[in-house]
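A short worksheet on the structure shown next.
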Amino acid sequence: MTLSTGHSAALDFAQPEPPDLSSGKYVKLWQGPQHPGITGNMSLELVLDGDTIVSCKTHVGYLHRGFEKLMERRTFIQNFTVVCRIAVPEPTFNEYLYSHAVEEISGIEVPERAIWLRTMNLEMMRLASFLMWIGGQSGAFGQYTVPNWTLAYRDYVLDLFEEMTGARIYHMYIVPGGVRAGLPDGFEERARKIMKGAEKLLDQIERVMFNNVVFKARSKGLGIITPDMVDPYGIVGPNARACGLARDIRKDEPYLAYDRLDFETISGNEPDAYGRAYLRLQETRQSINLIRQCLDHAPTDGPFQADMPNVLHWKVPAGETYVKAECTRGEYGYYMVTDGSEFVRRVHVRGPSYTHAIAVMERLAVGTNIADIAGLMVSLHTYPPEIER
Amino acid sequence: MNLRDLLSPFFVWQRAFEKPYTSIRPTIDRPGAPAYRGFHINVSEECVGCGSCHSICQNHAIDMVPVAEFEGRTGDSGLRPRFDYGRCCWCGLCVDICTAASLRMSNEYAWISEDPDEFHFTAGIDDKPWQNNEHGYRRAEGYHLYPPKRIEMEMLSPDVSVQSFEEVARGYSEAQAKLEADRCVECGICVATCPAHMDVPDYIHSIRDGDYEKGLQLMYRTNPFPATCGRICTRRCESVCPVGILGEPVAIRWLKRFIVDQVDAQDYQRILNDQIIESGHRVAIIGAGPGGLSAAYYLRKKGHAVTVFEAGETAGGMLRYGVPSYRLPDADLDKDIAYIVSLGVDIRYNTRIGKDIEFEQLLQDYDAVFLSTGLSVPSNMRIQGEDHARVLSGLQVLADVASGRDPGIGRQVAVIGGGNVAMDAARVSRRLGADVTILYRRRIADMPADAEEIHESQEEGCNIVPQAIPVEITTADNPQQVSIKWGEAEMVQDPKGGRPRPVLQEDRMHTDTYDCIISAIGQGSDLDFLSKENQQQLAIEWGKFTPGEYQQSALQKVFVGGDVANRTADAISAIEDGHHAARGIERLLNPDEFTTTQTDNTGELT
Ligand SMILES: Cc1cc2nc3c(=O)[nH]c(=O)nc-3n(C[C@H](O)[C@H](O)[C@H](O)COP(=O)(O)OP(=O)(O)OC[C@H]3O[C@@H](n4cnc5c(N)ncnc54)[C@H](O)[C@@H]3O)c2cc1C
Ligand code: SF4
Ligand code: SF4
């Protein structure tokens, strides 16, 4: 498949002349890092002309927890309990990619049942994360009803996680070798009920949030990503799909059970905040559909863990690999190097926010106004914690 | 702007009438899910204190602390996990690895206390409200953090094994040994249980590292018979290995054997590097069995001149004349003995104390004496007619075969007894071409023989008749044969709670005729070489010594050990007795230099 974006020579990367602050014409304003939202764990150094942004510089470093380094000092089994913390709203992708990288290097084959349970877990994660995002997007434009609905409903999805994995946020369910348990009794029935409710909720949200003059007025035309920006900026996920590119790792390079699931890559043709939001709404519905398919197909018995060595002195052979998966924001990747010892040599975690919240944000912010900056940032669906591992 | 977009948002009002999401009393109305990873529960009765939970916890949230009520329990370190909730992240890895499945989590997640010290607690010992919670995280069935099954040892198939005296267990390949060594959780409970306190986790570790020379060095610190014990040890270590609680214990014996099999006998001198500085003291040892030779090894290392008096013509004691070579090939026993002898141990063969040299003489000529003469006298069945010429003793049959003599058992053989000697006699008889019936008083489950031995003897075609009590031996029509009258037994519960007793059923008697009957119901000591006076002085009861500290007898110079002085009567106990006596003799000879923590010439603890 060729996915040429028609890279445009017209795209200008030249650094603009910095505004002359001594002219008295501009005001400098910092958004974050004390801003109490997901957008606020990093800071934007904004220069304003009136309330129009003329330059935006991003600063990170407020959330650096050194996970990649911590991992070098913990054994392979111990790390799976650490990685979930890298991206708080979407821990599962870290669990999966960490485990998958270790499995690739060690040549561990994960059993069928675990493959399905992992797939379902990842889609449940996408669902929970999208619900939180929808609330965030609505709230960022000053509409606080929808966040109450979606965050509360996300808790029902977290209930499912709690049942399935033993925890609501840091599930620690996907482990090298498979998963930690099969599904508890009655899970399927409860999951289907919650999926049904979620679908109803999304319909209501479509009426309230999307068919809404205010939301439309504020989001349409905001933060337009043109196809020629996609590759030079490394834009992935819904941010890329909304401008018409049908790129989805689940479809293009299927992993886990995705090649056996019935779904299409969703792409749009409105590359602004509204278009991206609408695309995510559809992807939320898609996740519900995929969870149902997993419930239909996941084997209910058989092993859910490969034969493992004694993890107390597990040495993974020397090797390296890059593994990736489609999280809610696009390609999430783990690059791992091992040296044959009981510890990982180096892990590099690459989440999509790295570009979306830094380079892309700096470009798209210019020309918008101060009230839209949080809404714009949410519309790129950024998670500062994954920028700073 | 279209009108729909203006009106549509007012739909929110409809939701005003829906049930709220929130609960008023969340911790009461909404308990944690059945598999929630909440506060820890430890069923401390089931926990064995292996410390695997402590080893796996990346947060060092678990300390293993002594708990008085469990100290001294067999197969139990006496320690229990103490949790520091200032550190725990509730990952549950400790639960996943728990070898006894005693550690769980409750679904309780709210805990408020004014006393910060409360969050540091020994689960299952300090009373906590969730201790009996029915729900909470448990390790799922089928989920393992170490392989529960052992690597199977390749064995000769029974139809091949009965054809010859070739060793049945073929030994692990390097790859197999490494996989098996991987299963060890390094708890050390085996070390405490092994009579010789062998450093099992460390020598297993040396297999994982592929450093077999190190492994050999570690083994010789406590046992100069590793090739032997790696084959025939009674392995009490394996019976307490916590990996065996939910799965199969680590094959400690086979791993020990693997290490020895990797090292060439010629390299022992270089690897073990036993430097001997002569002390000028002279020690006599009676009996060249494992007890005597173990003492000889450790005494020699201390520089004492050691002379071993052995009645037989070779060394090894019952390991040579009892244990059949399909379990312990001569070459492997010789490997162990040769190294001991190479340190300058003088063995006087064909020299029976009491006949060739008097015991009193030794007391005069030597600074100390270690006595380890074993059990050589077969016990009587105490039934009529047992002195019949066609009633042989198991020990005699085994000794004949070991010495290359034909024991003349014939084609139809009955073996009486249920211990290891009976199994050996039966399997040896099978190899000599006989049909074998084993008569045992109680049930198969009650047999004192190793379960593996029972299983293998059955596989090799021995027919075990349990609950069969011999009553009388009679002459058969054919003078080359013998008849046995035996009766069926019912197991009767002991009113005092002891093990059930077999009771003869007079109305269910049988008489069978065999070419010979091999009696193997136990053996006793032969201490006639000691004068009546010595016997009294040495406080012998029921043919056994009861040694004091460091195996010292009531005669200051005389130390005793091995089968004549312990209740376990196996090779490893004899080996440890010998080692221990060597320490005692060292204390006697060099009281000023003696410390309870002895080190060898490399400074390592011995
Ligand atoms: C058939 C059989 C199978 C066994 N299987 C196992 C097994 O699988 N695993 C295990 O751990 N144990 C086994 N044992 C037990 C084990 O062999 C003994 O526990 C061990 O050999 C005892 O060692 P020891 O040094 O006390 O005595 P012994 O090995 O009996 O050695 C005593 C030595 O002293 C010599 N001696 C005796 N009297 C005199 C004297 N007056 N003067 C000079 N020398 C004398 C004897 O000739 C003999 O060489 C088995 C025993 C038998 C009989
Ligand atoms: S739950 Fe995890 S962090 Fe807590 S004690 Fe167990 S292993 Fe350690
Ligand atoms: S792992 Fe289990 S058996 Fe071992 S000490 Fe911990 S709680 Fe006890």
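The values are calculated or read from the model by the stated rules, or taken from the named source; none is laboratory data. Here the structure is a predicted model, which means the values were calculated and not measured. Because the Cβ atoms are built from the backbone with ideal geometry, glycine has one as well, and the counts that use them run over all protein chains shown. Accessible surface areas use protein heavy atoms only, side chains included; no ligands, DNA or RNA. Shrake-Rupley method; radii C 1.70, N 1.55, O 1.52, S 1.80 Å.
If each of residue B:351 and residue A:260 carries a label point 7 Å out from its Cα toward its Cβ, how far apart are those two points in nm?
Going by the 7 Å Cα→Cβ label model, 7.7 nm.
Which of the aspartates and glutamates could a cross-linker bridge to residue A:25, judged by Cα under 18 Å and excluding same-chain residues fewer than eight apart?
Partners within reach: A:17, A:45, A:49, A:51.
Need one number: the % of Cα-Cα pairs in the protein assembly as shown sitting beyond the 59 Å mark.
Within the protein assembly as shown, distances greater than 59 Å cover 32 percent of Cα pairs.
Give the value in nm², to one decimal: projected area of the alpha carbon convex hull of segment B:176-306, averaged over all directions.
Result: 8.3 nm².
For the pair residue A:169 and residue A:28, what calculated FRET efficiency results from E = 1/(1 + (r/R0)^6), where r is the Cβ-Cβ distance and R0 = 45 Å, to the nearest 0.05?
0.75
Over chain A, what percent of the accessible surface lies on carbon and sulfur atoms, probe 1.4 Å?
The value for chain A is 52 percent carbon and sulfur by accessible area.
Convex hull volume of the Cα atoms in segment B:92-139, per residue, in Å³?
Per-residue hull volume (Cα only) is 88 Å³.
What lysines does residue A:324 reach when the alpha-carbon gap must be under 19 Å and sequence neighbours fewer than 8 apart in one chain are set aside?
Of all the lysines, those that pass the test against residue A:324 - Cα under 19 Å, at least 8 places apart if same chain - are A:251.
Any of B:149/B:214; A:220/B:19; B:355/B:532; B:149/B:178 with alpha carbons more than 23 Å apart? Name them for me.
On the way: B:149/B:214 27 Å; A:220/B:19 34 Å; B:355/B:532 15 Å; B:149/B:178 14 Å.
Over 23 Å Cα-Cα: B:149/B:214; A:220/B:19.
For chain A, what does the helix formula give at 222 nm: sum of -39500 (n - 2.57) over DSSP H segments with n ≥ 4, over the residue count, nearest 500 deg cm²/dmol?
Mean residue ellipticity at 222 nm (helix-derived): -12500 deg cm²/dmol.
HN-Hα J couplings of segment B:491-498 from phi, Karplus 6.51/-1.76/1.60, θ = phi - 60°, integer Hz, Gly and Pro as x?
Per-residue couplings from phi come out as 8, 10, 5, 7, x, 8, x, x Hz.
Okay, helix-only estimate at 222 nm for chain B: each DSSP H run of n ≥ 4 adds -39500 (n - 2.57), divide by all residues, round to 500 deg cm²/dmol; what do you get? Don't skip to the answer; put the middle values down first.
On the way: 23 runs with 178 residues, N = 606.
So the helix-based figure for chain B works out to -7500 deg cm²/dmol.
Looking at the calculated P(r) for segment A:192-349, what percent of the C-alpha pair distances fall above 28 Å?
Result for the distance tail: 41 percent.
If we count every other residue with Cβ under 14 angstrom of residue B:540's Cβ, Lys/Arg +1 and Asp/Glu -1, where does the sum land?
-3
Straight distance only, please: which aspartates and glutamates reach the Cα of residue A:200 with their own Cα at less than 14 Å, same-chain residues fewer than 8 apart left out?
Hits, sequence-local ones excluded: B:18.
Under 5 Å between amide H atoms, partner at least 5 residues away or on a different chain: which partners does residue A:58 have, H built in plane at 1.01 Å?
For residue A:58, the qualifying residues are A:45.
Express in whole angstrom the spacing between the alpha-carbon centres of segment B:274-335 and segment A:113-130.
Here the two parts' Cα centres lie 66 Å apart.
Among rounded, prolate and oblate, which fits segment B:123-212 when a ≥ b ≥ c are the square roots of the eigenvalues of its C-alpha gyration tensor, a/c under 1.5 means rounded, and a/b larger than b/c means prolate?
Note, shape of segment B:123-212 comes out prolate.
Report for the protein assembly as shown the percent antiparallel among DSSP-assigned beta bridges with both residues inside it, nearest 5.
Taking every DSSP beta bridge within the protein assembly as shown, about 65 percent pair in antiparallel fashion.
Between residue A:185 and residue B:119, what's the calculated FRET efficiency when r is the beta-carbon distance and R0 is 25 Å? Round to 0.05.
Details: r = 33 Å, r/R0 = 1.32.
Step by step, r from the Cβ atoms, then E = 0.15.
For the residue pair residue B:396 and residue B:12, what label-to-label distance in nm results when each label sits 7 Å from Cα along the Cα-to-beta-carbon direction?
Once both label points are built, they end up 10.4 nm from each other.
Using the Kirkwood radius built from alpha carbon pairs, what does the Stokes-Einstein equation give as D for segment A:69-351 at 37 °C and 0.692 mPa s, in µm² per second?
Taking Rh from Cα pairs, D becomes 168 µm²/s.
Local charge sum around residue A:248 (other residues, Cβ-Cβ under 11 Å, Lys/Arg +1, Asp/Glu -1)?
Summing Lys/Arg as +1 and Asp/Glu as -1 gives -2.
What distance in nm separates the two pseudo spin-label positions at residue B:134 and residue B:277, each 7 Å out from Cα along the beta-carbon direction?
If labels sit at residue B:134 and residue B:277, their model points lie 7.1 nm apart.
Can you give the accessible area per residue of the protein assembly as shown, in Å², using a 1.4 Å probe?
42 Å²
Taking 8 Å as the Cα distance limit and 6 or more residues as the minimum spacing, I'd like the relative contact order of chain A as a percentage.
Relative contact order for chain A comes out at 25 percent.
With just the Cα atoms defining each centre, how far is segment B:1-28 from segment A:328-389? Give it in Å.
The distance from the Cα centre of segment B:1-28 to that of segment A:328-389 comes to 33 Å.
How high is the relative contact order of chain B, in percent, counting Cα pairs under 8 Å that sit 6 or more residues apart?
Value for chain B: 12 percent.
All other residues with a Cβ under 9 Å from the Cβ of residue B:308 taken together, and with Lys, Arg as +1 and Asp, Glu as -1, what is their net charge?
-1
Is the shape of chain B rounded, prolate or oblate, going by the alpha carbon gyration tensor and its root eigenvalues a ≥ b ≥ c, with a/c under 1.5 for rounded and a/b larger than b/c for prolate?
prolate
Through the Karplus equation 6.51 cos²θ - 1.76 cosθ + 1.60, θ set to phi - 60°, convert the phi angles of segment B:471-487 into ³J(HN,Hα) values in whole Hz; use x for Gly and Pro.
Once rounded to whole Hz, the list reads 10, 7, 9, 10, 6, 9, 4, 7, x, 7, 10, 8, 10, 10, 9, 9, x.
Whole Å is fine, so just give me how far the alpha carbon centre of segment A:39-92 lies from that of segment B:109-143.
If we compute the Cα centre of each part, the gap is 34 Å.
Can you list the residues, at least 5 places off or on another chain, whose amide H is less than 5 Å from the amide H of residue A:306, using H built in the peptide plane?
A:178
Go through A:222-231, A:166-175 and give me the packing order, highest mean Cβ count within 10 Å leading.
A:166-175, A:222-231
So who's got an amide H within less than 5 Å of the one on residue B:474, skipping anything under 5 residues away but keeping other chains? H placed 1.01 Å off N, in plane.
When sequence neighbours closer than 5 places are left aside, the close amide H contacts are B:483, B:484, B:485.
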